[in-house]
């Protein structure tokens, strides 16, 4: 009884977060914000769904597989989002016009594709 309730709560919460990730893709104004929404909410949602699967079956093999899936998602989703966001920035995908801070603006040379380190200017 309590197991079914716990599985249901995790499954509903996981699908809710994945739904929020989908809404974020549709509603956010630029690539970086879309990546942020999908990475954070999607990772949490998929993790909760996988925990619900492990809790439902209560089998060592299934639990090991679901924990491996959760670990894989936690390790790869942020790295992939960072790589996609960085590539999008360097290709010239436009940022939101109300973006307050752009740390790479004065450091990246689009002609040579070189990203300069600000610490290089401080050390002679």
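Quick notes on this one:
- Each Cα pair under 8 Å and six or more residues apart adds its separation to the average, and for the chain the resulting relative contact order is 23 percent.
- Listing 93, 79, 53 from fewest to most neighbouring C-beta atoms within 10 Å gives 79, 93, 53.
- Listed residues 41, 83, 52, most fluctuating in the chain (Gaussian network, C-alpha, under 10 Å): 83
- Angle of helix 2-27 to the longest C-alpha principal axis of the chain, folded into 0 to 90 degrees and rounded to 10: 30°.
- The angle separating the long axis of helix 60-91 from the principal Cα axis of greatest extent in the chain is about 20 degrees.
- Top of 70, 114, 23 by mean-square fluctuation, Gaussian network on the chain, Cα under 10 Å: 114
- Taking Cα atoms only, the orientation of helix 31-57 departs from the longest principal axis of the chain by about 20 degrees.
- Most mobile listed residue (99, 33, 18) in the chain, GNM with C-alpha springs under 10 Å: 99
- Where N is the number of residues in the chain, Cα Rg divided by 2.2 N^0.38 Å: 1.44
Bear in mind these aren't lab numbers, they're just calculated from the coordinates by the rules spelled out. None of the values given here were measured: they were computed from a predicted structure. All Cβ positions, glycine included, derive from the backbone under ideal geometry; neighbour counts span all protein chains shown.
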